[in-house]
Structure formats: C-alpha cells, structure tokens
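What follows draws every value from the coordinates through simple rules; no lab data is involved. Everything quoted here is computed from the prediction, not taken from an experiment. Note that we place each Cβ from the backbone using ideal geometry, even for glycine, and neighbour counts take in every protein chain shown.
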Amino acid sequence: MGDIPRGNRPLSPHLSVYRLPIAAITSIMTRITGQALVAGLLLVVWWLVAAATGPRAFATADWVLRSWIGYLVLLGSVWALWYHFLAGIRHFFYDARLLMTKPEARQASWVLIWGSVGLTLLTLLLFVI
Amino acid sequence: MRYITPRKAAKGLGAAGPGASTAHHWGMTVSSAALLILTPAFILVVASAIGLPHDAVVAYFSRPYPAIVTALFLVVGMHHYINGTRIMIDDYLDHAERKVAIILSHLFGWAVIAAVVYALARMMLSPAAVVVVS
C-alpha cells in the first residue's frame, strides 16, 4: 500500500471532521428527543401511580414533580415531545416525496427548531394561565 | 450446486437485513398519525392536572376524557417507542447486545403501559372518584 501515490487528492469526507448539515443535525435530533422525552413521561407515570396509591405516595411524587428540577425535566421533555412531533410531521412530507431538495430540507430544519421552541413557550403559557 | 436462484436467495433481505419489511415503517406511520392527535391532547390533560390536590387529581383522572387520552397516549406512545427504538438498536448494536436491547425495550415499554393502566383503573375505582362523579 505504501507505493500508492496519494498526493493532495481530495479525500471523501471523514465523519469525525465532517460538519453535519442542519438537515442531518435535525434528523439525528429526532432520535435523541425520542429517547429523552421518556424522562418526563416516567416522571408523569410515577406521579399517576403515586396518585392511585394514596395521599402519602402522592405527596412525595407531587413534591418532586413540582420542584424546580421536576419542572426543568418536564419543560425539557415537553420541548423534546414537540420537537419529535414536528419531526414526525416532516416524515409524512418525506414519505409523500416532499421537502426533498436541499433548500427545502434546510428550511424545514429551521421550522423544526423554532417551531418546537414556539410550541414549548405556548405550552408554558397555557400552563401558567 | 444451489438450485435456488440468486433472486430467490436475495428476496426478503432488504437493506435492513432479514425480517425487515415495509410493515415496520407502516406501523410507525400509523402510530405517528394517532400521536399527532394524542400528543397535544395529553399535554393539555396533564398540564391542567399538575398542581391540583390529591383528591382532585384522582377525581380528574377518573373522568372519561382525561383517562382515555392518558391511556391511549401511553399505550400508543410506548408501542411507537418500542418500534422506534428498534431502528436505533439495529443501527448501533449487533449480536447478543442487539437482542438483549430489543428485549429490554419491550419489557420497559410494557412495564410503563401496565403502570399507567393500573394507576388509571385504581383511581377510577377509588372512593374519591365516586364522590365527584355522583
């Protein structure tokens, strides 16, 4: 192999130095959010089981759920849930062979990012009211 | 000499390997469509229950709409989770690790479903539920 002239020929992008395009980042985020939102789901399920168990169990679960760390987990999970929700809608478009061009994929990525933030803020607003 | 034609040998071995088919993708599509309705409904249901005292939470989840939305969201959601995680596992793990991960994802998903069904049933059957309904 040593005698093959390598010169300065361009190499195919090496994954570790390859800057992922926004569409690739928003795609992998679908997986990550899908796993992450389970944290909030588990918190809510625990809270429901505690409510079914009795007042003392509920008091503990409710205290954790409504502590600042509980609210932080819930807020993060709600964002992950909305993000995953919008990414799922994008999959429907992909299945219909829409949003397949590079500019459209980029635009859809930004819709995912800002849309999920917007929906999370809206949820927060509804919750506070 | 093999009597099987190359086409026959390759049939069913899609890019994702043996056992893969469009049925999985279709299953994800159907559960996604259901979750398109259930996700906003579940968020609203839980958001209105958080902060209520214990009796009110029990009474609230004993009512048909919150109970059915919660049950449906978690049953369909965990089904979607199990099948979605399967794709991740197939991408990142092989051999025994893959099998163990697939089994664990099923156990986890069904444990969550069982916990929610139990919680909802017990709240519906509790005295606190009867007081508010009647």
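Apply 1/(1 + (r/R0)^6) to the Cβ-Cβ distance of residue A:96 and residue B:104, taking R0 = 41 Å, and write down the FRET efficiency to the nearest 0.05.
FRET efficiency, residue A:96 to residue B:104: 0.75.
With a point put 7 Å past each Cα toward its Cβ, work out how far residue A:71 is from residue B:7 in nm, to one decimal.
6.5 nm
Once whole DSSP H runs in chain B are found, which of them have Cα atoms spread over 24 Å or more along the helix axis and a mean Kyte-Doolittle score of at least -0.5?
B:22-49, B:64-92, B:95-125
State the answer as a single residue: which of A:85, A:118, A:101 lies farthest towards the positive end of the charge dipole of the protein assembly as shown, with beta carbon charges of +1 for Lys and Arg and -1 for Asp and Glu, about the Cα centre.
With unit charges placed on the Cβ atoms, the residue in question is A:101.
Which angle between 0 and 90 degrees, to the nearest 10, do you get for helix A:22-53 versus the longest principal axis of chain A when only C-alpha atoms count?
20 degrees
For every helix of n ≥ 4 consecutive DSSP H residues, a contribution of -39,500 (n - 2.57) applies; sum these over the protein assembly as shown, divide by its total residues, and give [θ] at 222 nm rounded to the nearest 500 deg cm²/dmol.
One gets -27000 deg cm²/dmol as the mean residue ellipticity at 222 nm.
Based on alpha-carbon positions alone, could you give the equivalent ellipsoid semi-axes of the protein assembly as shown from the gyration tensor, as √(5λ), descending, whole Å?
In descending order, the three semi-axes are 42, 24, 18 Å.
What dipole magnitude, in Debye to the nearest 20, does segment B:27-133 give about its Cα centre under +1 on Lys/Arg Cβ and -1 on Asp/Glu Cβ?
Charge dipole of segment B:27-133: 240 debye, to the nearest 20.
Count charges around residue B:92 for me, please; just the other residues with Cβ under 14 Å from its Cβ, Lys/Arg as +1, Asp/Glu as -1.
The answer is 0.
Could you give the radius of gyration (one decimal) and Dmax (whole number) of the Cα atoms in segment B:27-133, in Å?
Expressed in Å, the Cα Rg and Dmax of segment B:27-133 come to 16.7, 55.
Note down the magnitude of the dipole of the protein assembly as shown about its Cα centre, charges +1 on Lys and Arg C-beta and -1 on Asp and Glu C-beta and zero elsewhere, to the nearest 20 debye.
Here the protein assembly as shown has a charge dipole of around 780 debye.
Take the alpha-carbon centre of segment A:49-127, take the same for segment B:52-73, and report the distance between them in whole Å.
21 Å
What size of dipole, in debye to the nearest 20, comes out for chain A about its Cα centre when the only charges are +1 on Lys and Arg C-beta atoms and -1 on Asp and Glu C-beta atoms?
I would put it at about 300 debye.
Can you quote the Å³ per residue value for the convex hull of the Cα atoms in chain A, rounded to an integer?
About 199 Å³ per residue, rounded to a whole number.
What shape does segment B:42-83 take by its C-alpha gyration tensor, where a ≥ b ≥ c are the square roots of the eigenvalues and a/c under 1.5 counts as rounded, a/b above b/c as prolate, and the rest as oblate?
prolate
Just rank A:100, B:28, fewest to most, by other beta-carbon atoms within 10 angstrom.
Exposure proxy ranking, most exposed first: A:100, B:28.
Which one, B:45, B:26, B:64, projects farthest toward the positive side of the charge dipole computed for chain B from Cβ point charges (K/R +1, D/E -1)?
Farthest along the dipole direction, towards plus: B:26.
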